[in-house]
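The values are calculated or read from the model by the stated rules, or taken from the named source; none is laboratory data. This structure is a prediction, so every number in the text was calculated from the model and none was measured. Cβ: placed from backbone, ideal geometry, glycine included. Neighbour counts: every protein chain shown. To get the accessible areas, we keep the full protein, side chains included, count just its heavy atoms, and leave off ligands, DNA and RNA. Shrake-Rupley method; radii C 1.70, N 1.55, O 1.52, S 1.80 Å.
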Amino acid sequence: MKNVIIVGSLLVFTATGAFAQDEYVYNQPAGFILHKTSKAQREENRLIKREKMLTTPNYMTVQQFMVDFPKAENISWKRGTFEEASFTLNGKEMNAFYDEKNALIGTTSAASYNDLPVGVQKDIEKHFKGYTPQQVILFDDNEFNDTDMELYGNAFEDEDNYFVEMTNNNKTIVLQVNMEGLVTFFQDISYSNVK
């Protein structure tokens with residue numbers, strides 16, 4: 001019995017002696033070793049965990065995405081208001097948005113200003129003189145999901161729409177164009193307005 005106690009004491013001494021320099025602490029009553037981390041290391045670990053949480057989608061959302069887009073490639077995920085998958089499908093870059101019930105809200109993809117009907121282009125040129133079209137995004141709504149979508153930090157009713165970014169010197173605005181050709185002001189995204 002004494003041999004066991006001596007051996008046990010020797011192990012405790014060896015464990016605390018071997019790890020003391022590396023900032024390990026032996027918790028004798030519980031019988032395990034704890035690692036002391038610095039405040040900076042704890043903050044870095046917290047940021048890594050947060051980043052992982054923001055880029056790791058819900059399992060059920062991933063399963064639904066695989067059903068919705070079985071041929072998608074180069075898939076990456078991020079979380080915001082909705083879970084968003086960025087991917088390539090048939091050579092076209094797209095984004096798919098999913099709600100909290102893992103249902104597809106809709107997709108976005110790049111479009112061209114020339115994709116807009118000629119009448120819409122003339123209407124934009126008439127009412128937004130001095131502005132130059134930049135990026136055009138097509139939002140394709142999932143008609144079976146009533147969740148309203150949010151782009152540029154602004155919610156809109158779920159229906160197919162084009163969003164046209166227009167610039168004039170330092171001012172950048174977004175116009176919303178529905179499938180009937182109605183053009184409306186959607187959002188001012190000028191850098192001067194960013195806080």
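Report the rotationally averaged projected area of region 68-130 based on its alpha-carbon convex hull, in square nanometres.
Over every viewing direction, the Cα hull of region 68-130 projects on average to 6.4 nm².
Per the Cauchy relation, a quarter of the hull surface: what is the mean projected area of the convex hull of the alpha carbons in region 66-195, in nm²?
Dividing the Cα hull surface by four gives the mean projection, 8.8 nm².
Which of the aspartates and glutamates could a cross-linker bridge to LYS122, judged by Cα under 18 Å and excluding same-chain residues fewer than eight apart?
GLU165, GLU180
Quick one: net charge of PRO117's neighbours, Cβ under 11 Å, K/R +1, D/E -1?
Computed value for this residue: -2.
Rounded to whole Å, give me the distance from the Cα center of region 67-134 to that of region 152-194.
So the two Cα centres are separated by 13 Å.
Please list TYR59, TYR131 in order of solvent-accessible area, largest first, computed with a 1.4 Å probe with all protein chains present.
Descending order: TYR59, TYR131.
Expressed as a whole percent, how much of the Cα-Cα distance distribution for region 128-195 exceeds 16 Å?
The calculated P(r) of region 128-195 puts 48 percent of pairs beyond 16 Å.
Note down the net charge around PHE87, summing +1 for each Lys or Arg and -1 for each Asp or Glu among other residues with Cβ under 11 Å from its Cβ.
Surrounding charge for PHE87 is -2.
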